[in-house]
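Down below is the structure, laid out as C-alpha cells.
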Amino acid sequence: MATEKIIMAGFGGQGVMSMGQLLTYAGMIEEKQVSWLPAYGPEMRGGTANCSVIVSDSLVGSPIITEDATCAIVMNLPSMLKFENNLVPGGKLLINSSLVDREPLRSDIDVYKVPANEIAAKVGNPKVANMVMLGAYLALTGVVSIEAVVETLKKVYGAGKEHFIPLNQKALEEGAAVINNA
C-alpha cells in the first residue's frame, strides 16, 4: 500500500464520520500515517456529511483531498453526484446500492455496489450500514485489517457498550463478503 485517499459521504446520521474515525484509528493501531478531516452540512441529522481519510505508509502532507481520491464511499445519491468526479482515473467508487439507483457518469473508475441497508437489516440493526460499507472497502483494499477495526471498536465503545462489538464485527464481515464473493 502506498497512500489511500478516501472520501466517505452520506446524510448526517448514516455514520459517515464514525466510519472515517474508525478507519483512521485502525490505521494508527497498525502504525500507519493517517489523517481525518470532517465536513458537515448546515444540518446535523439528515444534512450532508462527509470526511476525508488518508492512510499511508509515508507522512501525510495535507489532509485535504480534492480531485485525487483513490476511493469514494457514498451512502446516498447526492453524495455520488457530488464526489464521483473527485476520483482519480482507475479509482474505486463504493456505492450503497440500497439508496443509489443510478449508475455513475464516469466510465474510467471501478464501481462496486453494496446493498448496505439490506445487509445491515439482515445482520440485525439498520444503523450498521456504515460498517457494511467499511467492511467492503477493507476487503477491496486491505488498507487495514478488520481485526484492527474491531480492536478500535473496543477502545471507542469502552466497557459499557462492548455488547455492540459483535454486531459491528458481523456487519464488517458481511460487507467484506460482498467483495470477496463477487
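The table below lists the values:
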item: Net +/- balance of residues flanking Glu103 in space, Cβ distance below 15 Å, scoring K and R +1, D and E -1; result: -1
item: Among Ala159, Ala116, Ala171, residue whose mean-square fluctuation peaks in a GNM of the chain (springs only between Cα atoms under 10 Å); result: Ala159
item: Candidate aspartates and glutamates - alpha carbon under 15 Å from Lys122, same-chain residues fewer than 8 apart omitted; result: Glu173, Glu174
item: Answer label for P(r) over Cα pairs in 5 Å bins from 0, in percent (calculated), chosen among [x] 1, 9, 18, 23, 23, 16, 7, 2, 0, 0; [y] 1, 8, 17, 20, 20, 15, 9, 5, 2, 1; [z] 1, 7, 12, 12, 10, 8, 6, 5, 4, 4, 3, 3, 3, 3, 3, 3, 3, 2, 2, 2, 1, 1, 1, 0, 0; result: [x]
item: For the chain, built as a Gaussian network whose Cα springs stay under 10 Å, the top-fluctuating residue of Gln21, Gln33, Gln169; result: Gln33
item: Charged-residue dipole, Cβ positions (Lys, Arg, Asp, Glu), the stretch 3-180 about Cα centre, Debye nearest 20; result: 460
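Coordinate-derived values only; no laboratory data. The structure displayed is predicted, hence computed values, not measured ones. Heads up, the Cβs are rebuilt from the backbone with ideal geometry, glycines too, and the neighbour counts pull from every protein chain shown.
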